[in-house]
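J.: The structure follows.
The values are calculated or read from the model by the stated rules, or taken from the named source; none is laboratory data. Since we're looking at a predicted model, the values are computed, not measured. No Cβ is skipped: glycine too gets one built from the backbone with ideal geometry, and neighbour counts run over all protein chains shown.
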Amino acid sequence: MNEGMLSAFRQTLTEKLADSLSDPLPTGTLRRVWGPSPPPGKATAVVGMRRAGKTTYVHQLRRERIQRGAGPDQLPYVNFEDERLAGVTAAHLAFLVEEHARRCPDALDRGTVTWCLDEIQLVPGWESFVRRLLDAGNREVVVTGSSAALLSREVATALRGRGWEVPIYPFGFGEALVHLGHSLPERPEFLTARERARLERHFSNWLTVGGFPEAQGLEHASRRQLLRDYVDVAILRDVVERHRVSNVSGLRWLVRHLLGNAGALFSVEKFYAALKSQGIAIAKDTVHQLLGHLDDCFLVRPVWMESASERQRMVNLRKVYPVDQGFIPLFDRSGRRNIGHALETAVLVELERRRFDVTYVRTPSGHEVDFLARDGLGGELLVQVCADISEPATAQRELRALAEAGKLYPGASRHLLTLTREDAPAGAPPDVLVQPAYEWLLAPGPT
């Protein structure tokens, strides 16, 4: 590398470091993150889709540390998604530590220095730099990235168990309410008719708009363009460029299919045949790989069928959801509002936000329960989502599926989530908790 390029890198890094030490901390809507806080000595890996709010969350962590007594000079922040840093490697990052020590010579003497490194996966060899920081002692590291597999794999292997993953998703319902200036009800199950009607209007709007922070409050056309741009950037930057995908046409067909059929069973064989009938050549293995890449960048969330056999699980069809229900109207060609698909998507993403491992259940008689969620501590939930349960036959089918699945998983609590309170079926068994989905979404606890 020539001296001019090295000097330019150092100048850019110096500017970014200086800005982070002197600029006021950006503010944003407080994000609700589930799970325990990372123990000392860990690298916190904040992962999620682009524009979901990872950077805002990092600044939230910085504000929390300042409230606990840290100084701004103990919280350096650098965002590597900058065209001026294209080509920078881990070898150049030692300069950052040296420059910070020169500018803030007593920062380490006053306590821990927390390095916040945004979109760090763009820097080849970043994990060795982070490990050196942690090994030096009295330092913490927060890294962000738009690839779950990349950061998780590298944190796990290179940092030797010293990584702590924190996933960030688009706004949940409660976060969206706060962002728009609405107050959260203390007890959403105990509201006046007027309060409930207002809350249900907000809920209906959120199911349509989705949870991306920048989409909140935008008019229809601008929001659609914004969300389309998000999808395009995810396709280009996080799949095509990162994984060197050459079959871009096949990738775009796959994205349109998955986002336009939220919660539907996905068959690689059928999709392959459909593309072949359109004259688009693509290998079946490539379809598998592309689906993995879309999962990796958080654009879609695959859900496997529950099975004790790993081989059987891999053979069964997956259900695939977008990471945000706001994507559904962009690609759905049915012309319907598809509120049921939006509701099911929102519940899945909330389960993932609450750190549940999620599968779906098909009973021996062929009935299906949308989600079986496990919390890692032995707790299990069977969750059935139904936006329109007004027909007695529909209610009977949904409750029968829960009953059959309950026999397979007797320790699981059973939930039937509806669109509104009026949708709740009469005569539900006492062991099934029936409630509007918005009450469940706003609940303070993990269930």
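J.: Pick from 18, 91: which is out of contact with any helix residue (DSSP H, G or I) (no Cβ under 8 Å at 6 or more places or on another chain), farther than 26 Å from residue 180 by Cα and surrounded by fewer than 20 Cβ atoms within 10 Å (Cβ to Cβ)?
T.: 91
J.: Go through the range 381-416 and count every residue that is assigned to a loop (DSSP other than H, G, I, E, B), more than 30 Å from the chain's Cα centre (by Cα) and of a type in the set (Gly, Ala, Ser).
T.: Of the residues in that region, 1 qualify.
J.: Something else now. I need a count of the residues in the range 339-357 that are surrounded by 22 or more Cβ atoms within 10 Å (Cβ to Cβ) and outside any helix (DSSP H, G or I).
T.: Residues meeting the conditions: 1.
J.: Name the residue that is surrounded by the fewest Cβ atoms within 10 Å (Cβ to Cβ), counting only residues in the range 163-222 that are of a type in the set (Asp, Glu) and more than 17 Å from the chain's Cα centre (by Cα).
T.: Out of the qualifying residues, it is 219.
J.: Which of the residues spanning the range 1-22 are of a type outside the set (A, V, I, L, M, F, W, C) and either in contact with a strand residue (DSSP E or B) (Cβ under 7 Å, 6 or more places away or on another chain) or closer than 18 Å to residue 67 by Cβ (or both)?
T.: 16, 20
J.: Scan the range 51-79 residue by residue and report those that are out of contact with any helix residue (DSSP H, G or I) (no Cβ under 9 Å at 6 or more places or on another chain) and of a type in the set (D, E, K, R).
T.: 54, 63, 64, 68
J.: Specify the residue that is farthest from residue 88 (Cα to Cα); the eligible residues are those in the range 105-133 that are part of a helix (DSSP H, G or I) and of a type in the set (Phe, Trp, Tyr).
T.: 129
J.: Looking at (1) out of contact with any Gly (no Cβ under 6 Å at 6 or more places or on another chain); (2) under 30 Å from residue 296 (Cβ atoms), which is the only condition residue 56 fails?
T.: (1)
J.: Moving on. If you take the residues of the range 256-288 that are among the polar types (S, T, N, Q) and either surrounded by 15 or more Cβ atoms within 10 Å (Cβ to Cβ) or not assigned by TED's automatic domain parsing to the domain that holds residue 300 (or both), which of them is nearest to residue 304 (Cα to Cα)? Give the steps one after another, and end with the answer.
T.: At the first step, the residues of the range 256-288 found to be among the polar types (S, T, N, Q) are 261, 267, 277-278, 286.
Pick out the ones that are also either surrounded by 15 or more Cβ atoms within 10 Å (Cβ to Cβ) or not assigned by TED's automatic domain parsing to the domain that holds residue 300 (or both) and you get 261, 286.
Numbers: 261: 16, 286: 19 Å.
So, considering only residues that are among the polar types (S, T, N, Q) and either surrounded by 15 or more Cβ atoms within 10 Å (Cβ to Cβ) or not assigned by TED's automatic domain parsing to the domain that holds residue 300 (or both), the one nearest to residue 304 (Cα to Cα) is 261.
J.: Here's something else I'd like to know. Please determine whether any residue of the range 382-391 is at pLDDT 95 or above, touching a Gly at 6+ places or on another chain (Cβ under 7 Å) and hydrophobic (A, V, I, L, M, F, W, C).
T.: yes
J.: Checking residue 39 against (1) in a helix (DSSP H, G or I); (2) in contact (Cβ under 8 Å) with a residue 60 or more places away in the chain; (3) under 27 Å from the mean Cα position of the chain (by Cα): exactly one of these is not met. Which one?
T.: It fails just one condition, (1).
J.: Something else: How many residues does the range 52-86 hold that are under 13 Å from residue 17 (Cβ atoms), of a type in the set (Phe, Trp, Tyr) and not in a loop (DSSP other than H, G, I, E, B)?
T.: 1
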